[in-house]
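The block underneath contains the structure these notes are about, expressed in structure tokens.
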Amino acid sequence: MKLEDAGRAGSCFQVDPCWSERHVSHELFRVGLLLVVLLCFAVANTFAQAASSQVEALVRQGQAALDAGNFVAAVEDFEQARQLAPENLEVARGLVLSYLQAGRLDAAIASGRQTGERWPQDAELHHWLGLAYFKAGQNAEAARELQQAAKLDRANSDVHFDLALVLLSQNQYSSAADELERALKTKGSNPVTHLLLGRAYQNSNRTLQAIQQFQTALRLDPNAPLGHYHLGFAYASLGKNKEAVAEYEKEIGRSPENPEVRYQLGHSLLETGEVKTAIVHLRRATELNPQNADAFYDLGKALLMQGEAQPAISALRRAAELNPADPSPHYQLARAFERTGNSEAKQEWQRFAELKKNQQQTGGMATGRIH
């Protein structure tokens, strides 16, 4: 190639002024586009941060409303939060708990089931759903959810305690005792937990252990609700009626109008031979609860022991009406009629024999009384 040709060839590599302008224009467009994209991201982040802050504020408000017992306001706050953040676990928990506390059990169950499917490993959701089922009277479902919560969070004493309540309502006393023992291990002594554990032991024929639990509860809280009543009942079940009377009298001092306490005190007094005092409490028990067949029976029996046959007949007839399958009132009625020379005595002896025979044939025990 000649030198001049080379010069001409080199001229081909010179920049075209028009191309340069177009290149600059494209670069400016790209920079502008980038700025727009960055601005969109910034705006989106700003909106996201604002929404997040609003959700956090609603959660705080909802929790404060729950703490204050304003459950309607709590529901409103958590429902608004859910609209803004439907995938937020804390919001889901708060909403289920708010529905539960507000008594909106259907909503609590529906929300709990829906969110439970989304977060199946969340113990708290299973806990609140279990309580919602329990309050709705669906005990089998409640036990299932609370058992799952207990598996996921074994250290949560509240879950074990609530599961024990469900099991007690199902008369599963041994299993309830296990859960209450776990609650005590994870949280420590609590008078109510000791009381319930005592009841579970009592109904599992572990009376000595029950007495220890009732005594512990009363040491922790001398005013534990029905603590002296349960301790008295445990003593009575062992035949320690004097100890039972002492405990029932303490309970009467706190709950004078409790018909069951009145009845049990009267019954134990009758067992210890304090008939006159027993009549006072048994009569009051029948006034407070006119449907208590056992109270009418014991009252009739006590009146008969005092030689008051006619008042005894009235009480015993009422006992027979309330519990037609029980032979015991007819036994005492026959004795009362004999004392008054009433010919109905024969009829009552026959009725007693029939009911006693039926009881033996069916293997049932309407009562554990000695007539």
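Points to keep in mind about this one:
- Screening GLY103 against (1) in contact (Cβ under 8 Å) with a residue 12 or more places away in the chain; (2) surrounded by fewer than 24 Cβ atoms within 10 Å (Cβ to Cβ); (3) in a helix (DSSP H, G or I); (4) not hydrophobic (A, V, I, L, M, F, W, C) leaves a single unmet condition, (3).
- When ALA132, ALA102 are checked against the criterion of being under 12 Å from the mean Cα position of the chain (by Cα), in the same structural domain as ASN70 (by TED's automatic domain parsing) and modelled with pLDDT of 95 or more, a single residue qualifies: ALA132.
- Failed criterion for GLN359 (all others in (1) at pLDDT below 95; (2) surrounded by fewer than 15 Cβ atoms within 10 Å (Cβ to Cβ) hold): (2)
- Just one of (1) buried (at least 19 other Cβ atoms within 10 Å of the Cβ); (2) closer than 20 Å to LEU168 by Cβ fails for GLU247. It is (2).
- In region 193-226, the qualifying residues are those that are in a helix (DSSP H, G or I) and among the basic types (Lys, Arg), and the one that is nearest to LEU163 (Cα to Cα) is ARG199.
- Residue in region 184-199 that is surrounded by fewer than 24 Cβ atoms within 10 Å (Cβ to Cβ), under 15 Å from LEU168 (Cβ atoms) and more than 19 Å from the chain's Cα centre (by Cα) present: no
- Any chance TYR235 is of a type in the set (Ser, Thr, Tyr), in contact with a helix residue (DSSP H, G or I) (Cβ under 8 Å, 6 or more places away or on another chain), on the phi < 0 side of the Ramachandran plot and not assigned by TED's automatic domain parsing to the domain that holds THR362: yes
- Complete set of residues in region 51-74 that are under 19 Å from GLY103 (Cα atoms) and assigned to a helix (DSSP H, G or I): GLY62, GLN63, ALA64, ALA65, LEU66, ASP67, ALA68, PHE71, VAL72, ALA73, ALA74
The values are calculated or read from the model by the stated rules, or taken from the named source; none is laboratory data. In this text, all values refer to a predicted model and were calculated from it rather than measured experimentally. No Cβ is skipped: glycine too gets one built from the backbone with ideal geometry, and neighbour counts run over all protein chains shown.
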